[in-house]
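Trainee: Sharing a structure with you now.
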Amino acid sequence: MAESRWAGPADRARLEAFLEADADRAMFPLSNLARHGLSGGPARHACRFRLTADGDRILGAVALSTEGMVLPVCAPDLGDLRAALAGQWIAGVIGETGLALAVLGALGLDRAPRMMDDDEPHFVLDLADLAMPRCDGLSLHPLSEAPRSTAVALRAAFAREVLGEDESGAILRAEMDVSEFLEAGSHRLLRAGDDWVAMTGFNAALPRIVQIGAVYVPPARRGRGLARAAVALHLDEARRAGAKRAVLFAASEPATRAYRALGFRQIGRFGLYLFATPLEVPPCP
């Protein structure tokens with residue numbers, strides 16, 4: 001009989017295998033588990049895991065990060081979830097679109113104001129099939145090779161335009177994000193001549209698979225293939241380091257065209273739902 005419970009140390013190997021089996025859709029919780037373990041902690045992306053299991057067989061999982069992101073995978077027990085998370089402060093829900101919306105409803109938060117309400121096409125690519133564009137005059141660099149102020153400015157612009165942050169929130173988020181990017185070595189800046197023209201990065205990464213996120217080109221420089229070049233160069237770097245596969249979500253039609261040109265194919269849709277302010281999960285009615 002299936003039951004729901006918080007994961008403990010004895011569950012780690014089974015949980016990793018469960019998430020690995022659906023890695024294309026489970027990169028956030030899988031990467032967070034690999035980096036921080038399964039018991040939570042002070043880091044923003046450290047997670048606790050609520051499991052739905054039949055004996056030793058895991059049927060579904062939900063990760064809850066320290067910053068309040070809910071990350072469902074496969075088929076968690078939605079009837080249990082609200083009681084388990086009652087009183088928790090939630091910043092948003094990210095996952096396969098149908099499942100993410102079901103989680104919002106189960107938590108009683110489906111009508112709460114959201115600063116990000118995106119249902120995006122979800123793409124995958126076997127890196128052996130990466131179609132490299134022409135990158136003449138362009139070069140990709142770790143964030144550490146550029147002025148920190150440049151990285152912060154690009155990330156703040158991303159936070160304002162994509163995440164809907166106000167000016168002060170965007171700067172605060174950018175400073176925090178860039179510190180994490182530098183520590184993880186996860187992001188890159190594209191350079192054209194003397195100008196830094198785009199940012200790209202991996203918002204989740206494992207040795208065999210990476211997930212692209214935070215691709216940003218300032219509006220005045222768009223339409224020149226810079227995002228495509230930045231992503232391609234970063235994926236080629238990952239491929240040479242041993243990665244075999246990449247996943248991403250496309251936030252716009254131009255982005256979709258750029259990713260398809262690199263060889264990506266769509267496998268579904270992914271929902272990214274962030275609240276305007278963190279909300280407390282209400283008790284069960």
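Please treat every number below as a calculation from the coordinates, not as lab data. Here the structure is a predicted model, which is why all the values come from computation and not from measurement. Counting neighbours? That spans all protein chains shown, and the Cβs are built from the backbone with ideal geometry, glycine included.
Trainee: According to a simple spin-label model (label point 7 Å from Cα along Cα-to-Cβ), what is the distance in nm between ARG44 and ARG269?
Mentor: 2.8 nm
Trainee: Among the trypsin sites (Lys or Arg not before Pro) within segment 95-166, which fall in a DSSP loop and have no more than 16 other Cβ atoms within 10 Å of their own Cβ? Walk me through the numbers on the way to the answer.
Mentor: Details: sites: ARG111, ARG114, ARG134, ARG148, ARG155, ARG160; in loops: ARG111, ARG134.
Listed in order of number, the matching sites are ARG111, ARG134.
Trainee: To make sure I understand, if each residue's beta carbon is the centre and we count other beta carbons within 10 Å, what order do VAL152, VAL210 fall in, fewest to most?
Mentor: Numbers: VAL152 20, VAL210 28.
So the residues, fewest neighbours to most, are VAL152, VAL210.
Trainee: Identify which of ASP166, ASP56, ASP177 has the largest mean-square fluctuation in a Gaussian network model of the chain, with springs joining Cα atoms closer than 10 Å.
Mentor: Between ASP166, ASP56, ASP177, it is ASP56 that shows the largest mean-square fluctuation.
Trainee: Report the full-extension gain for the segment ARG111 to LEU59: residue separation times 0.36 nm, less the Cα-Cα distance, to one decimal in nm.
Mentor: 15.9 nm
Trainee: Something else: Find the centroid of the Cα atoms in segment 172-202 and in segment 88-140, then give the distance between the two in whole Å.
Mentor: Segment 172-202 and segment 88-140 have Cα centres separated by 19 Å.
Trainee: Could you pull out every residue, at least 5 positions away or on a different chain, whose amide H is within less than 5 Å of the one on LYS244? Hs are placed 1.01 Å off N in the peptide plane, and Pro or chain starts have none.
Mentor: So LYS244 has HN proximity to ILE209.
Trainee: On to the next question. From the phi of every residue in segment 83-96, what ³J(HN,Hα) in whole Hz does the Karplus formula 6.51 cos²θ - 1.76 cosθ + 1.60 yield, where θ is phi - 60° and glycine or proline is x?
Mentor: Once θ is set to phi - 60°, the couplings for segment 83-96 become 5, 5, 9, 3, x, 7, 8, 10, 8, x, 10, 10, x, 3 Hz.
Trainee: Right, something else. Considering only the other residues whose Cβ falls under 15 Å of the Cβ of LEU143, what net charge follows from Lys and Arg at +1 and Asp and Glu at -1?
Mentor: -2
Trainee: Sorted from largest down, what three extents in whole angstroms do the Cα atoms of segment 131-262 have along their principal axes?
Mentor: 39, 31, 29
Trainee: Right, another one. Taking K and R as +1 and D and E as -1, what net charge do the other residues with C-beta under 14 Å from the C-beta of ASP129 add up to?
Mentor: +3
Trainee: Work from the charge dipole of the chain (Cβ charges, +1 for Lys and Arg, -1 for Asp and Glu, about the Cα centre) and give the residue of LEU140, GLY95, LEU38 farthest towards its positive end.
Mentor: LEU140
Trainee: Now for a separate question. Distances over 28 Å make up what percent of all Cα-Cα pairs in the chain? Mind dumping the intermediate values first?
Mentor: Details: 14724 of 40470 pairs.
Of all Cα-Cα pairs in the chain, 36 percent lie more than 28 Å apart.
Trainee: Now for a separate question. How large is ³J(HN,Hα), in whole Hz, for each residue of segment 270-277 in order, when computed from phi with the Karplus curve 6.51 cos²θ - 1.76 cosθ + 1.60 and θ = phi - 60°, using x for Gly and Pro?
Mentor: Result, ordered by residue: 10, x, 10, 10, 10, 6, 4, 9 Hz.
Trainee: Set the Förster radius R0 to 45 Å, insert the Cβ-Cβ distance between MET1 and LYS244 as r into 1/(1 + (r/R0)^6), and round the FRET efficiency to 0.05.
Mentor: Here the calculated transfer efficiency is 0.75.
Trainee: Through the Karplus equation 6.51 cos²θ - 1.76 cosθ + 1.60, θ set to phi - 60°, convert the phi angles of segment 141-156 into ³J(HN,Hα) values in whole Hz; use x for Gly and Pro.
Mentor: Each residue of segment 141-156 in turn: 9, x, 4, 5, 8, 10, x, 4, 4, 5, 5, 5, 5, 5, 5, 5 Hz.
Trainee: Please give, to one decimal in nm, the separation of the simple spin-label points placed at ASP195 and LEU182, each 7 Å out from Cα toward the Cβ.
Mentor: For ASP195 paired with LEU182, the spin-label model returns 2.5 nm.
Trainee: Which FRET efficiency, nearest 0.05, do ALA251 and ALA21 yield, Cβ-Cβ r, R0 35 Å?
Mentor: So the FRET efficiency works out to roughly 0.80.
Trainee: Where Lys and Arg each count +1 and Asp and Glu each count -1, what net charge lies around LEU19 among other residues with Cβ under 12 Å from its Cβ?
Mentor: -2
Trainee: So which GluC sites (Glu not before Pro) in segment 110-198 end up in coil per DSSP with only 11 or fewer other C-beta atoms within 10 Å?
Mentor: Of the GluC sites (Glu not before Pro), not one in the loops of segment 110-198 has a Cβ with at most 11 other Cβ atoms within 10 Å.
Trainee: What number, rounded to the nearest 500 deg cm²/dmol, is the helix-based mean residue ellipticity at 222 nm of the chain, given -39500 (n - 2.57) per DSSP H run of at least four residues and division by all its residues? The partial results should precede the final answer.
Mentor: On the way: 8 runs with 94 residues, N = 285.
It lands at -10000 deg cm²/dmol.
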